[in-house]
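Data first, discussion second: the structure below is written as structure tokens.
The values are calculated or read from the model by the stated rules, or taken from the named source; none is laboratory data. Please read all numbers here as calculations on a predicted model, not as lab measurements. Positions of Cβ are generated from backbone atoms using ideal geometry, with glycine treated the same way; all protein chains shown enter the neighbour counts. With ligands, DNA and RNA removed, areas are computed over all heavy atoms of the protein, side chains included. Shrake-Rupley method; radii C 1.70, N 1.55, O 1.52, S 1.80 Å.
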Amino acid sequence: MALKKVLAVVLAGGEGKRLMPLTADRAKPAVPFAGSYRLIDFALSNLVNSGYLQIVVLTQYKSHSLDRHVSETWRMSTQLQQYIASVPAQQRRGKSWFLGSANAIYQSLNLIYDAQPDIVVVIGADHVYRMDFEQMVKAHVESGASVSVAAVRQPMNLVDQFGVIEVDKDNPGRIAAFVEKPKTTPGLPDDPNSFLASMGNYVFTADALVKALEEDAARLNTKHDMGGDIIPYFVERGDAAVYDFTTNDIAGSTERDRQYWRDVGTMDSYYEANMDLISPLPLFNLYNLQWPIYTRQSVSPPAKFVRSASGQSGQAHDSIVSAGVVISGGTVHGSILATDVFIDQGAEVAGSVLLDKVTLGAGAVVRKAIIDKNVHIPAGASVGVDRELDLRRGFAVTDSGLTIVRKGQEVPTV
């Protein structure tokens, strides 16, 4: 097979309303994750590890921290025509911002014209997984289809949260129907309690993508959405293939984590994906150095566990502790501490995610909570212990009992 020229497009303009308040001051792909990363790092690492080094990141909503992260972290060799470029909405096709994910690419067609690729890989920026896109591109070319859609199995109770793929019974490699977030769908033949969900990862033959985007832009009855409009356009023509994520083979993966994929679109799913990382044999292994997840390296000093002035030992169990963290006589269980967190004597953190520069005063308690950046929890205060108190103080609390304190929010003593 002749070598194909590939351009990768990362859709990173989403507002992420269901991740409020974490997205109140940042784009969803810029949300911190796993102590040291941003969500977009997983998408970009997968592309780079796949050997695709011409990448554009389409941004729009509150993109400053995302743009800064991309520019400071992802520097490629321009001499070798490698780049990861953050591209905002530019109103090249009229006086409007991006009207949907398809319209974002349509308004940025100049990037495709300039790069002149044979293949365009289009992926989202806010999922946690490992994937070799070179394998998917090869399967796409062999299929002869104009688009291939990556599919992952999901339990039936999540059917209304994903684009659903139904394959052709006579030709299982082709998509017979593609429906965005239906209420019901037939189960899989070998597992009636599961369905095939779109991962939001697509491989297009470049000319076919351009033609589909131009036709979509001319239509009135469209939401200009990749999953809702562009993929059905190809399905109706019998020109859409399905790529089975379970066939993707990653170096260094294990049977436990090789098919791991998480959509962290809600506060509960974001929390659960963080918790997936901290067991001795984690569901998702950050420590697979054969397929590394890259991110910006902190200039913070190493983490430190010390005794407090009163002699209490600082300790952490079953937790991720990032650079710059100081646990001075406090105790951490089953939690993730991001950069430069400080835990004072007698303070306790359990089942929680603390983002950069969170501080806990002496005797403070945090349980099943997400604390955003730059929050100080005063001595003796608690978060996640009393639901009604948390609500009165203006914290977000999910139905599952997860408490979220927004970036820089004041935490009263009582």
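Miscellaneous remarks
- Backbone N atoms of the stretch 257-291 closer than 18 Å to the 7 Å Cα→Cβ label point of ASP318 belong to residues 271-286.
- Gain on full stretching of the segment that runs from ALA24 to ASP190 - 0.36 nm per residue minus C-alpha separation: 55.5 nm
- The helix-only estimate of mean residue ellipticity at 222 nm for the chain, built from DSSP H runs of length n ≥ 4 each weighted as -39500 (n - 2.57), is -5000 deg cm²/dmol after division by the residue total.
- When all protein chains stay in place and ligands, DNA and RNA are ignored, the 1.4 Å accessible-area order of GLU72, GLU348, largest first, is GLU72, GLU348.
- Proximal lysines to LYS5, defined as alpha-carbon separation beneath 21 angstrom and excluding residues fewer than eight positions away on the same chain: LYS138, LYS211
- A cut-off of 5 Å between modelled amide H atoms, ignoring neighbours fewer than 5 places along the same chain, links PHE284 with no other residue.
- Prolate/oblate/rounded label for the stretch 338-378 (Cα gyration tensor, a/c 1.5): oblate
- Considering the stretch 232-305, its Cα convex hull presents a mean projected area of 8.6 nm².
- Accessible surface of the stretch 150-227 [probe 1.4 Å, protein heavy atoms]: carbon and sulfur percent: 51
- Using Cβ point charges alone (K and R +1, D and E -1), the dipole size of the chain about the Cα centre works out to roughly 1080 debye.
- The stretch 340-414, accessible surface, carbon-and-sulfur percent (1.4 angstrom probe): 48
- Extended-chain gain in nm, criterion 0.36 nm per residue less alpha-carbon gap, ALA177 and VAL385: 70.2 nm
- Ranking VAL179, TYR202, ALA218 by how far each Cα lies toward the positive end of the dipole of the stretch 146-236 (charges on Cβ) leaves VAL179 at the top.
- With all protein chains kept in place, the per residue accessible area of the chain amounts to 44 square angstrom at a probe of 1.4 angstrom.
- The chain, Cα convex hull volume normalised per residue, Å³: 150
- Shape class of the stretch 63-142 from the Cα gyration tensor (axes a ≥ b ≥ c, square roots of the eigenvalues): rounded, since a/c falls below 1.5.
- Amide H contacts for LEU99 (H built 1.01 Å from N in the peptide plane; partners 5 or more residues away or on another chain; cut-off under 5 Å): ALA104.
- Counting only protein chain heavy atoms and rolling a 1.4 Å probe, the accessible areas of ARG387, ARG307 rank, largest first, as ARG307, ARG387.
- Whole-number D in µm²/s for the stretch 127-203 (Stokes-Einstein; Kirkwood sum over Cα pairs; 20 °C, 1.002 mPa s): 163
- Rounded to the nearest 20, the Cβ-based charge dipole of the stretch 149-256 about its Cα centre (Lys and Arg +1, Asp and Glu -1) stands at 220 debye.
- With the whole protein complex present, LYS373 retains an accessible surface near 40 Å², based on a 1.4 Å probe.
- Size-normalised alpha-carbon gyration radius of the stretch 6-99, reference 2.2 N^0.38 Å: 1.10
- THR246 exposes around 50 Å² of accessible area when a 1.4 Å probe is run over every protein chain in place.
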